[in-house]
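The values are calculated or read from the model by the stated rules, or taken from the named source; none is laboratory data. Since the structure is predicted, the reported quantities are computational estimates derived from the model, not experimental observations. Every residue, glycine as well, gets a Cβ built from its backbone with ideal geometry; the counts of neighbours run over all protein chains shown. SASA here: full protein model, heavy atoms, side chains in, ligands and nucleic acids out. Shrake-Rupley method; radii C 1.70, N 1.55, O 1.52, S 1.80 Å.
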Amino acid sequence: MALLTAQILSDDEGFRKAASELLRSGAVPISIGDGASTPTGGHADLVVVDGRNQHDYALSEIERLRIAAPSASILMVALESNPDLILKAMRSGANEFLAWPPSDKSFQEAIHRVTSRRNASSATRPHATTIAFVGAKGGTGTTTVAVNCAVELARLSKRPTMIVDLKAGLGEVTLFLGVRSRYSLLDAIDNLHRLDSGFLKELIVKHKSGLEILAGSDNFDRPGPSDGGAIEELLRLLAKQYDYLVIDAGSQINPCSVAAIYAGDRMFLTANPDVPSVRNAQRLLERVRELGASGDRVRLLLNRAAEPFPIPPKQIETALGHPIHHMFPSDYKTVSTALNSGVPLSLAGDSEIAAQFDLFVRKVLDPGSAGDQAGGKKGLLNIDRIASLW
């Protein structure tokens, strides 16, 4: 799935907020630029132009944008679908026209057409499939799952694959893979202006599986709240250079992990079958919904799943209103041996948990398979059922 970049042309802060929420709510990951009133649109796939009050100004801006950004899709919104205004908008260079506020269906259909146009451009390289792993709490094995998923993606796809460690101070991706890096994520976000493929090669370290790694920061204060925008821009740039982008986003909801959630084609929420994990998973699912990120992209993973379950999987699914996408068995000895030796599970010999990672990644590589569907229940989570767990 393509990652689109969008800008919103409006002086109305309320409109920019509402339009951003609509853009974030769909199945297509969209990176939204700063809400400046006069964006050039030069690097955007989509520019939303507010024409609700000043039609002539909006039309002139569309003409300017069409010249400045000939490959961008331009969506004009107005208070009503006036045939004359629609015709003028199209003649000025708009690709789409919607009455405000649009229905969710009509808006997402317009985004689908924008995505199709972008993908049909022969000059555009397809963006990476971006996968974000978020832990329901610390210690659920999120980094273990993210690292072994990334290794399997590189091994099975034979395509350029990168893992990004977003955790500040305590990132463990390089440790789990038995490699060292001179540089970290901070070197990338502090040098976005020169982050071409040549400079990026200096920052990454490559694992023998073919996986490339952008190491986590040793700085406990960064990346911090002020780095959220830089992280989003970094992920957008990386998505142009890799086929698969895996993000270890940790277990905290902060501006940096939110950037990863927005950028992800899929977000895998990793939990254990115990009360603290299930409670936190419920809270994180609710927060993701509040952020406006599409629930269709969320998948629930159950790690260290072994009988007798503290909480049975069916009860977890009922409580969260979300199906379990995949379960990884509890195998402390195999996993701890692999981690201590810095060898991924798939390269450490045959084991049931290694076989499960192989199966899991094959579902990731075939997103149309039945096993990859989100299938989550719409609406509110089953809060009463959550409360009954404790």
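Could you go through the range 96-113 and let me know if any residue there is in a helix (DSSP H, G or I), closer than 25 Å to Leu300 by Cβ and open to solvent by 10 Å² or more (accessible area, probe 1.4 Å).
Step one: list which residues in the range 96-113 are in a helix (DSSP H, G or I), which gives 104-113.
Those still in the list that are closer than 25 Å to Leu300 by Cβ too: 104, 108.
Among the residues that remain, those that are also open to solvent by 10 Å² or more (accessible area, probe 1.4 Å) are: 104, 108.
The answer is yes, given that some residue of the range 96-113 is in a helix (DSSP H, G or I), closer than 25 Å to Leu300 by Cβ and open to solvent by 10 Å² or more (accessible area, probe 1.4 Å).
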Open item on the list: Among the residues of the range 199-212, are any of a type in the set (S, T, N, Q), over 30 Å from Asp296 (Cα atoms), open to solvent by less than 40 Å² (accessible area, probe 1.4 Å) and part of a loop (DSSP other than H, G, I, E, B)?
Closed with: yes
Task: Qualifying helices (runs of 4 or more DSSP H) (wholly inside the range 277-390; at least 3 residues being at pLDDT 90 or above, charged (D, E, K, R) and surrounded by fewer than 17 Cβ atoms within 10 Å (Cβ to Cβ)) - done: 352-365
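So which of Leu302, Leu320, Leu291, Leu285 is more than 21 Å from Asp104 (Cβ to Cβ) and touching a residue at least 40 places away in the same chain (Cβ under 8 Å)? Step through it out loud before you land on a result.
On the way: Leu302 fails: touching a residue at least 40 places away in the same chain (Cβ under 8 Å); Leu291 fails: more than 21 Å from Asp104 (Cβ to Cβ); Leu285 fails: more than 21 Å from Asp104 (Cβ to Cβ).
Step by step, each of Leu302, Leu320, Leu291, Leu285 is checked, and only Leu320 is more than 21 Å from Asp104 (Cβ to Cβ) and touching a residue at least 40 places away in the same chain (Cβ under 8 Å).
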Task: When residues of the range 174-191 are limited to those that are over 10 Å from Gly216 (Cα atoms) and part of a loop (DSSP other than H, G, I, E, B), the one most open to solvent (accessible area, probe 1.4 Å) - done: Arg180
TODO: Report, by residue number, each residue of the range 213-240 that is among the basic types (Lys, Arg) and either free of Cβ contacts under 8 Å to residues at least 24 places away in the same chain or open to solvent by 60 Å² or more (accessible area, probe 1.4 Å) (or both).
DONE: Arg222, Lys240
TODO: Working only within the range 286-307, note down all residues that are aliphatic (A, V, I, L, M), farther than 9 Å from His326 by Cβ and within 15 Å of the chain's Cα centre (by Cα).
DONE: Val288, Leu291, Ala293, Val298
TODO: Go through the residues of the range 151-164 one by one and say whether even a single one is touching a strand residue (DSSP E or B) at 6+ places or on another chain (Cβ under 7 Å), charged (D, E, K, R) and in contact (Cβ under 8 Å) with a residue 24 or more places away in the chain.
DONE: yes
Task: Long-range neighbours under 6 Å by Cβ, at least six apart or interchain, first residue touching a residue at least 24 places away in the same chain (Cβ under 8 Å) within the range 59-74, second among the polar types (S, T, N, Q) and surrounded by 13 or more Cβ atoms within 10 Å (Cβ to Cβ) - done: Leu59/Ser92; Ile62/Ser92; Glu63/Ser92; Ala68/Thr40; Ser73/Asn95; Ile74/Asn95
Open item on the list: Could you check the range 73-102 and list, in sequence order, the residues that are more than 22 Å from Asp12 (Cα to Cα), under 33 Å from the mean Cα position of the chain (by Cα) and among the small types (Gly, Ala, Ser)?
Closed with: Gly93
